[in-house]
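To keep things clear, I will list the structure first and then write my remarks on it.
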């Protein structure tokens, strides 16, 4: 759920030219048996970082933006290690935060930080709690980087730590010091003035960049399962998860934990599902996860765009629905190119039931429009009549070059109902053979995209 912050010029120039080659490609990586990614992010050299779990240990993967393998390894860290988050430290070194599950042993798991070089070779390792007879020792799903202090933050069962790139403890804040009982860390996020930790008791702990404790925010949340905690631009937080009705649910709270709005999402032709990741996008947010399609019945990995008030605006299916061994686990948004890099698992080899890591590169063009407003396009275009019966007319802005346009019309199930190539800025297409209902019209020349809802009578 990490947006890119700095880009190299050459890579930025390449994005538009390379995307046509990469959009349909889904590179697959067979690392070691069952491969399950948990997090994806960008490093300062404009490469992708992925961590997670494999049969052979901790999953470590670095690729180019378009899937070329730079390094991959199954790192032998403990017994059953899971990598939750991966950040770049100093040049060409990376820090991974995770936990080693000790199934059936006291405490059940040990949180750790691991520093590796660009090929995945271990440089140092820190564990942060001894196995306890009473309590497991969870770690927050993300680690946070503080480049100025050359440190990362990590939250465990009863302590929040600031650890230097050399593995030394720079600061630590215990539950006892903060006047709290031991807590279970759910997730942590960077804020404008420091960082915040969400704990299981619906409480947010606030810290500045030096890890000085600033206080707590108590929340009242009606939610079945929390899967993501996100710091919103301008202040406040999103709490993303599954409601008691199994629908996707998002709650927006301010810095004090007071609920500003909450929404559950019932979407056309989709029912319940599991959200997994969130990021800021335009004037709102992108949510990623799984939804169950009603007709035809299938499980789908989707992106849902919501506005600043949580209103659903559009939905995009990331991959083909219904694959038995395919799911998306995390995504990152490349803000300068507008591309989405999503990482998941799939049975990439025919006849092999094991899952491998695969990478999807896609754009943010919607499959289904959910709001009444236009989505993309720098200037308005005309579409009439709307509703249409026998035919519809498109007039694009006159100042645009009269190039070749691709016209795509999608139904509410996200299926392509019509595809045509047009020249010039005025054209007509037949709607008399279409089933009555709501459609999304998308017109693009590869640089500009115009989208609008069309009702066919």
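Only the coordinates and a few stated rules stand behind these numbers; no lab work does. Because the structure is a prediction, the values reported are computed rather than measured. Here the Cβ positions follow ideal geometry from the backbone for every residue, glycine too, while neighbour counts run over all protein chains shown.
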- Message: Below 8 Å, C-alpha to C-alpha, sequence gap of six or more: please give me the relative contact order for the chain in percent.
- Response: 10 percent
- Task: Go through 211-218, 277-284 and give me the packing order, highest mean Cβ count within 10 Å leading.
- Result: 277-284, 211-218
- Query: Which order do 142, 206, 404 fall in if you start with the one that has the fewest other Cβ atoms within 10 Å?
  - Reply: 404, 206, 142
- Over the Cα atoms of the chain, what is the Rg over Rh ratio if Rh follows Kirkwood? 0.99
- Query: Relative contact order for segment 382-456 using alpha-carbon pairs under 8 Å, separation at least 6, rounded to a whole percent?
  - Reply: 34 percent
- Task: Report relative contact order for segment 182-229 in percent, whole number only (criteria: Cα-Cα under 8 Å, sequence separation at least 6).
- Result: 28 percent
- Relative to the longest principal axis of the C-alpha atoms of the chain, give the angle of the C-alpha long axis of helix 9-22, reported between 0 and 90° and rounded to the nearest 10°. 60 degrees
- Task: Let me have the 222 nm mean residue ellipticity of the chain computed from DSSP H runs of 4+ only, each contributing -39500 (n - 2.57), with the sum over all residues rounded to the nearest 500.
- Result: -1000 deg cm²/dmol
- Taking the C-alpha atoms of segment 382-456, convex hull volume expressed per residue in Å³: 77 Å³
- Query: Taking R0 as 25 Å, what's the FRET efficiency between residue 209 and residue 90 from their Cβ-Cβ distance, rounded to 0.05?
  - Reply: 0.85
- Note on the structure: Going fewest to most other Cβ atoms within 10 Å around each Cβ, 55, 356 line up as 55, 356
- Fewest-first sequence of 224, 173, 62, 125 by Cβ atoms within 10 Å of each Cβ: 224, 125, 173, 62
